[in-house]
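One structure is given here, and the rest of the page talks about it.
None of the figures in this text is laboratory data; all of them are computed from the coordinates on show. Since the structure is predicted, the reported quantities are computational estimates derived from the model, not experimental observations. Neighbour counts run over all protein chains shown; Cβ positions are idealised from the backbone, glycine included.
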Amino acid sequence: MSSTYSVYVAQSMSEISAEEWDLCANPEMPFGPGAASVHVTDPGNGAAETSKLEIERHNPFVTHAFLNALETSGSVAPKHGWTSCHIIVRDCEGRLVAAAPTYAKAHSMGEFVFDYGWADAYHRAGLKYYPKLQVAVPFTPATGRRLLVARGHEGARPVLIAGLRALREKLGASSIHVTFPTRAEWEALGGAGFLQRTGQQFHFINKGYTDFEAFLADLASRKRKMIRRERKEALAPGIEIELLTGSAITERHWDRFYLFYMDTGARKWGTPYLTREFFSNVGATMADRILLVMAKRNNRYIAGAINFIGADALYGRNWGAVEEHPFLHFEVCYYQAIEFAIRNKLSRVEAGAQGEHKLARGYSAVATFSAHDIADQRFASAIDDYLQRERIAVDESLAEYADLAPFRKGPRQQEAEEETA
């Protein structure tokens with residue numbers, strides 16, 4: 001596509017060198033072990049250090065290990081409506097200098113940026129919306145780079161975008177959807193003619209807290225008391241919490257966690273997306289980037305949550321339980337994640353999609369982004385009009401949530417809260 005770069009399509013991550021891919025995926029920070037270290041403290045006895053992690057300074061989800069685990073486990077496969085067709089760019093010497101995790105989709109499930117209305121409008125007009133191209137990390141609504149460009153090869157970015165459009169035309173796909181990119185990528189894609197969409201999530205923002213009590217002190221009195229009560233009641237039935245990472249996570253833990261995951265997934269949205277093999281795969285290749293929070297009662301695991309550890313964030317992903325206890329979900333998924341982030345000086349916790357209830361528990365509303373390239377210009381114009389109005393509504397919603405944040409206000413407002421608590 002230029003005298004400097006050539007574009008290819010890889011039908012699986014196994015066709016791409018892990019080292020080459022990862023140098024594109026996370027070029028902004030040193031890659032390799034020893035870039036950062038954190039300590040995990042076992043809450044079972046309140047003090048014992050269980051392990052020391054050597055964390056690569058990266059976003060864990062765009063690594064070769066994570067994306068490959070999705071494919072080799074069968075979680076991502078054509079039979080499930082996800083066909084891998086990753087765009088890669090090589091320079092004149094054959095070196096991989098840019099890539100985009102790309103999938104031809106036969107449906108719109110597992111994306112967390114909803115376009116069902118667009119698909120319905122296409123079908124009512126007698127057109128095919130599927131296949132479409134999805135540039136994303138499957139089943140993972142976490143912001144991160146999607147146009148993976150190696151350091152010193154910024155000129156490959158427009159080539160990567162051109163390659164996506166060429167593949168769209170070759171496959172006869174209706175559109176390209178880049179979901180949960182960084183804001184910088186979102187703006188660059190907008191400049192390249194993509195339609196821009198915004199959404200929102202709830203993240204815990206670490207304001208340099210020294211410990212969990214310092215975080216609580218930053219909250220309004222009523223919320224502070226609520227969280228203390230919830231944490232106490234969650235563990236009241238004799239429940240203990242274990243934090244596991246690295247070699248401490250065994251197949252026994254994955255067996256039990258998968259049981260939780262399947263039970264919750266089946267009750268909430270039908271067949272869960274991830275296979276049992278996926279957890280073994282990520283456990284084998286990136287265990288030091290995983291934090292497994294497990295709840296135990298009478299020496300039996302009853303609930304758990306999986307988190308992935310990035311350079312400056314903890315990403316909460318899946319949760320499940322086989323026993324129902326008041327506030328246990330909040331303890332395992334939210335409060336333990338906050339404690340871990342504070343203890344390890346991570347800047348935030350991203351707790352996934354949805355969940356307005358997170359606001360009352362110290363999480364703040366933040367914007368998320370997606371970019372969309374629609375082949376049919378008639379539909380592109382209509383969707384663009386809708387997205388302009390939607391962006392205004394999202395901005396208004398974020399402002400409203402900021403006003404509802406549970407943190408302490410001025411002295412006069414705080415006194416009023418103390419009186420009514």
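Is the range 203-365 rounded, prolate or oblate when judged by the Cα gyration tensor, a ≥ b ≥ c being the square roots of its eigenvalues, rounded requiring a/c under 1.5 and prolate requiring a/b larger than b/c?
Prolate is the answer for the range 203-365, as a/c is 1.5 or above and a/b outweighs b/c.
For the range 189-240, which GluC sites (Glu not before Pro) are in a loop by DSSP, counting at most 13 other Cβ atoms within 10 Å? Numbers along the way, then the final one.
Values: sites: 213, 230, 233, 240; in loops: none.
Passing sites in the range 189-240 do not exist.
Most exposed first by the Cβ proxy, i.e. fewest other Cβ within 10 Å, how do 357, 372 rank?
So the ranking, lowest neighbour count to highest, is 357, 372.
Excluding same-chain pairs closer than 8 in sequence, count the lysine pairs in the range 203-365 whose Cα atoms lie under 30 Å apart.
22
Evaluate the charge dipole of the chain about its Cα centre and quote only its size in Debye, nearest 20, assuming +1 on the Cβ of each Lys and Arg and -1 on the Cβ of each Asp and Glu.
My answer is approximately 440 debye.
Can you list residues from other chains, or at least 5 along the same chain, whose modelled amide H is less than 5 Å from the amide H of residue 219?
So residue 219 has HN proximity to 408.
Looking at the square roots a ≥ b ≥ c of the eigenvalues of the Cα gyration tensor of the range 279-421, which shape do they give, rounded for a/c under 1.5, prolate if a/b is larger than b/c, or oblate?
Numbers: a/c = 2.19, a/b = 1.19, b/c = 1.84.
Judged from the Cα gyration tensor, the range 279-421 comes out oblate (a/c at least 1.5, b/c at or above a/b).
Quick one: angle between helix 411-420 and the longest Cα principal axis of the chain, in degrees between 0 and 90, rounded to 10, please.
That helix lies at roughly 60 degrees to the long axis.
Under the Karplus relation 6.51 cos²θ - 1.76 cosθ + 1.60, θ = phi - 60°, what is the ordered set of whole-Hz ³J(HN,Hα) values for the range 183-200, x standing for Gly and Pro?
Once θ is set to phi - 60°, the couplings for the range 183-200 become 4, 4, 5, 4, 5, 5, 5, x, x, 8, x, 6, 6, 10, 10, 10, x, 8 Hz.
Of the residues 272, 406, 141, which exhibits the maximal mean-square fluctuation in a Gaussian network model of the chain defined by a 10 Å Cα contact cut-off?
Greatest mean-square fluctuation among the candidates belongs to 272.
Can you sort 358, 225 by how many other beta carbons sit within 10 Å, fewest first? Display every interim value, and only then the final one.
On the way: 358 21, 225 13.
Fewest-to-most Cβ neighbours within 10 Å comes out as 225, 358.
So, counting K/R as plus one and D/E as minus one, what does the shell of residues with Cβ under 12 Å around residue 350 add up to?
+2
Hey, with R₀ at 30 Å, roughly what FRET efficiency would residue 125 and residue 182 work out to, going by the Cβ-Cβ distance, to 0.05?
The pair residue 125/residue 182 has a calculated efficiency of 0.35.
Quick one: net charge of residue 107's neighbours, Cβ under 15 Å, K/R +1, D/E -1?
Once all neighbours under 15 Å are counted, the net charge is +1.
What is the helix-to-structure angle for 251-269, meaning the angle in degrees between its Cα long axis and the longest Cα principal axis of the chain, kept from 0 to 90 and rounded to the nearest 10?
It is inclined by approximately 80 degrees.
Rounded to the nearest 10 degrees, what's the angle between the helix 156-171 long axis and the longest principal axis of the chain, both from Cα atoms, 0 to 90?
70 degrees
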